[in-house]
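Below you'll find the structure, written out as structure tokens, and then a few comments.
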Amino acid sequence: MKWLELLTVGGATLVAAVTVVVLYSFAVRLTAIAGDAEQASPRLTRSLAYVCFGLCGLAVLYGLYLIIPYFSK
Amino acid sequence: MVALVIALALFFDFTNGFHDTANAMATPIATGAIKPKTAVALAAVLNLVGAFLSTEVAKTVSGGIIREGSGGVQITPDIIFAGLMGAVLWNMITWLKGLPSSSSHALFGGLIGAAIAGIGFSSVNLEVLLQKVILPAVFAPVIAGAVAYICTRLAYALTARHDPETGSKLTQKRGGFRTGQIFTSSLVALAHGTNDAQKTMGIITLVLIAAGTQPTGTGPQLWVIAACALAIAVGTYAGGWRIIRTMGSGLTEVKPAQGFAAETSTASAILASSHLGFALSTTQVASGSVIGSGMGRKGTTVRWNMVGKIALGWLFTLPAAGIVGALTALLVKTGVVGVVIAAVVGTAAVLFMFFYSRKSDVGHHNAVEVEEAGQAVRFAKKKALARARAKANKPKDTQR
């Protein structure tokens with residue numbers, strides 16, 4: 001029985017999904033903070049939000065890079 | 001016979017496409033992130049792209065369950081024809097009922113039934129069946145559901161905003177997740193393309209090898225890849241609106257952040273499994289994610305009786321498709337007349353179900369009524385929050 005493979009799949013799923021969700025949630029939260037009226041430095045939080053969005057996108061792209069056999073040849 | 005099998009395989013690919021549109025696009029449609037028609041078009045294009053990206057799955061999915069090659073039995077196009085017939089008919093029935101059931105299980109069931117009827121019980125490798133079909137069927141929804149549950153919890157915890165002094169809730173501003181859903185659902189559609197179009201490619205290649213037009217041990221030819229990609233894309237575009245309704249609003253109410261978490265889990269589970277070689281069914285992963293995310297968000301209830309119906313559908317998939325496959329195999333065994341009868345009866349059954357479905361029209365205009373409701377929530381936030389709190393105070397749903 002391929003219990004090890006099952007575990008690997010479960011673990012990989014968890015790590016990948018949590019990474020993307022956490023980064024995106026941070027980005028959403030920072031965007032929300034940047035939109036607050038009384039916020040002192042909206043520019044800083046906004047750019048931080050964009051960094052998070054960017055990292056999230058990179059994480060997805062890296063995942064695709066790993067999966068598409070064309071790149072790993 | 002070979003041409004007939006290829007035609008049927010492509011039709012199976014088509015049903016697979018419209019059966020599984022829901023997996024990718026039900027949640028964004030339900031939250032109003034994408035308009036229904038745009039959603040299916042996007043899913044169709046990404047399926048097309050995905051089908052070309054990887055052909056790894058094509059080689060592994062169908063192999064092994066039926067003892068083939070030396071020392072085993074020879075798979076004939078007849079058996080594959082019968083198996084496909086079972087898969088196609090079961091796909092049509094579940095679509096009519098709006099049940100998301102696994103197309104790959106239907107295919108396995110059909111092939112197994114056909115092999116038992118056509119060759120004998122010894123032709124089926126029970127251990128491989130357990131390992132490749134039954135265990136993944138149990139674990140796919142569990143893994144996806146657990147991950148989606150965690151992700152939903154995280155997403156809501158990280159974006160929950162309280163006033164530091166008073167502790168009262170601020171406006172949450174989770175609108176960003178709606179945009180994010182477009183990307184995550186696209187990823188699911190892409191994953192589906194890399195996964196499900198492969199099965200048909202594998203089948204057609206198997207037939208071509210069996211017929212002797214292609215050397216053993218070679219991968220799918222380019223025209224096979226193109227035809228399969230196209231068939232699944234067209235099927236996806238046709239849209240299984242009945243199943244979208246079930247997945248988008250039948251299981252649980254879906255909100256953007258929750259949908260985002262569910263789709264991310266679905267996409268990572270499918271991509272991880274198809275890449276690491278423990279094939280999970282797209283449909284079961286997606287259903288598990290939606291259920292898990294429903295449990296993760298406070299103030300939602302999961303409609304367990306619908307979950308039960310779907311689970312029952314999954315239980316029946318293998319035997320039901322198997323019986324149809326077996327009957328077809330028996331018919332085909334009798335010779336050319338049997339093949340003609342099987343083909344005619346099959347076509348008639350599909351046409352009948354199609355026209356029967358016309359009686360209660362479910363299309364992009366009425367698949368998910370939640371779309372407007374999802375938009376309305378923006379204005380009625382406080383009410384929704386009060387409701388959520390009231391529900392959170394109630395004893396939690398007992399988890400399985």
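Whether a residue is farther than 18 Å from B:Val88 by Cα, assigned to a helix (DSSP H, G or I) and in contact with a helix residue (DSSP H, G or I) (Cβ under 6 Å, 6 or more places away or on another chain) was assessed, and B:Thr328 does not pass this test.
Residues in region B:293-319 that are assigned to a helix (DSSP H, G or I) and small (Gly, Ala, Ser) were compared, and the one that is surrounded by the most Cβ atoms within 10 Å (Cβ to Cβ) is B:Ser293.
Of the residues screened, B:Ala191 is not one that is assigned to a helix (DSSP H, G or I), within 10 Å of chain A (Cβ to nearest Cβ), at pLDDT 70 or above and surrounded by fewer than 20 Cβ atoms within 10 Å (Cβ to Cβ). Kindly evaluate B:Val350 against the criterion of being open to solvent by less than 20 Å² (accessible area, probe 1.4 Å) and part of a helix (DSSP H, G or I). So B:Val350 does not fit the description; no.
For region B:73-110, a residue qualifies if it is closer than 16 Å to B:Ala349 by Cα and open to solvent by 20 Å² or more (accessible area, probe 1.4 Å), and the qualifying residues are B:Leu89, B:Trp90, B:Ile93, B:Trp95, B:Leu96, B:Lys97. Pick out, from region B:71-146, the helices (runs of 4 or more DSSP H) lying fully within it that include 2 or more residues that are within 14 Å of chain A (Cβ to nearest Cβ). Hits in region B:71-146: B:126-129. Only one entry in B:Gly322, B:Gly338 is part of a helix (DSSP H, G or I) and modelled with pLDDT of 80 or more, namely B:Gly322. Summed over region B:76-98, residues that are aromatic (Phe, Trp, Tyr) and in contact with a Lys or Arg (Cβ under 9 Å, 6 or more places away or on another chain) total 1.
Please go through region B:2-46 and pick out each residue that is under 18 Å from B:Leu111 (Cβ atoms) and either open to solvent by less than 10 Å² (accessible area, probe 1.4 Å) or charged (D, E, K, R) (or both). Selection gives B:Val5, B:Ala9, B:Phe12, B:Asp13, B:Thr15, B:Asn16, B:His19. With the structure loaded, tell me whether B:Thr334 is exposed (fewer than 15 other Cβ atoms within 10 Å of the Cβ), closer than 30 Å to B:Phe121 by Cβ and among the polar types (S, T, N, Q) or whether it fails that test. Yes.
Starting from residues that are more than 7 Å from chain B (Cβ to nearest Cβ) and open to solvent by 40 Å² or more (accessible area, probe 1.4 Å), keep the ones in region A:15-32 and report whichever is nearest to the chain's Cα centre (by Cα). Per the criteria, the residue is A:Thr19.
Looking at region B:238-265, which of the residues that are of a type in the set (S, T, N, Q) and more than 9 Å from chain A (Cβ to nearest Cβ) is nearest to B:Ser103 (Cα to Cα)?
B:Thr246
Residues in region B:164-188 that are away from every other protein chain (no Cβ under 11 Å) and at pLDDT below 75: B:Pro164, B:Glu165, B:Thr166, B:Gly167, B:Ser168, B:Lys169.
The values are calculated or read from the model by the stated rules, or taken from the named source; none is laboratory data. In this text the structure is predicted, and so the values were computed from the model without any measurement. Reconstructed Cβ throughout: ideal geometry from the backbone, glycine too, with neighbour counts over all protein chains shown. All accessible areas refer to the heavy atoms of the entire protein, side chains included, with ligands and DNA or RNA removed. Shrake-Rupley method; radii C 1.70, N 1.55, O 1.52, S 1.80 Å.
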